[in-house]
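Only one structure is covered here, and it is reproduced in the block below.
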Amino acid sequence: QVQLVESGGGRVQPGGSLRLSCAASGSIFSITDMGWYRQAPGKERELVATATSGANTYYADSAKGRFTISRNNAKNTVYLQMNSLKPEDTAVYYCQSKVIPIATMRLLEVWGQGTLVTVSS
């Protein structure tokens with residue numbers, strides 16, 4: 001089995017910072033893309049940022065200039081550094097990855113359980 005475990009969520013004041021981490025574990029042959037999504041109450045899940053295996057990065061307009069996605073391939077981990085946080089950033093943040101488990105050798109989309117980020121005074 002392959003799973004993603006997120007950490008780093010919490011409560012911060014507007015203008016503060018958080019760093020989210022997501023580590024993939026299990027018998028993995030390879031990992032292609034890794035990224036972050038978020039879902040606020042009453043809203044649909046939206047893409048925040050992605051990082052490909054080729055080190056290309058993509059950001060939603062709402063994240064540009066404030067968030068930075070990075071990867072440590074040796075640790076099978078992706079990070080999301082979030083600065084200048086706003087109340088509208090409040091959401092459950094989900095890690096997502098496309099992996100090839102050794103057991104199947106077929107591409108599998110895996111989601112983490114989510115970590116809550118709350119931005120308020």
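The values are calculated or read from the model by the stated rules, or taken from the named source; none is laboratory data. A quick note: this is a predicted structure, and the numbers were derived from the prediction, not measured. As a convention, Cβ positions derive from the backbone with ideal geometry for all residues, glycine included, and neighbour counts pool all protein chains shown. For the accessible areas, the whole protein counts, side chains as well, though only heavy atoms, and no ligand, DNA or RNA atoms are used. Shrake-Rupley method; radii C 1.70, N 1.55, O 1.52, S 1.80 Å.
Data overview
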read-out	value
Solvent-accessible surface ranking, highest first, for 61, 89, 33 at 1.4 angstrom	61, 33, 89
Within the chain, percent of DSSP bridges classed antiparallel, to nearest 5	95 percent
Anchor residue 75: lysines whose Cα lies under 18 Å away (excluding residues fewer than 8 positions away in-chain)	98
Computed accessible area, residue 43, all protein chains, 1.4 angstrom probe, square angstrom	130 Å²
Loop GluC sites (Glu not before Pro), the range 1-98 (other Cβ atoms within 10 Å of the site Cβ: 14 or fewer; DSSP)	44
Anisotropy class of the chain from Cα gyration tensor, a/c 1.5 cut	prolate
Under-5 Å amide H pairs with residue 16, H placed in peptide plane, nonlocal only	85
Top of 68, 90, 32 by mean-square fluctuation, Gaussian network on the chain, Cα under 10 Å	32
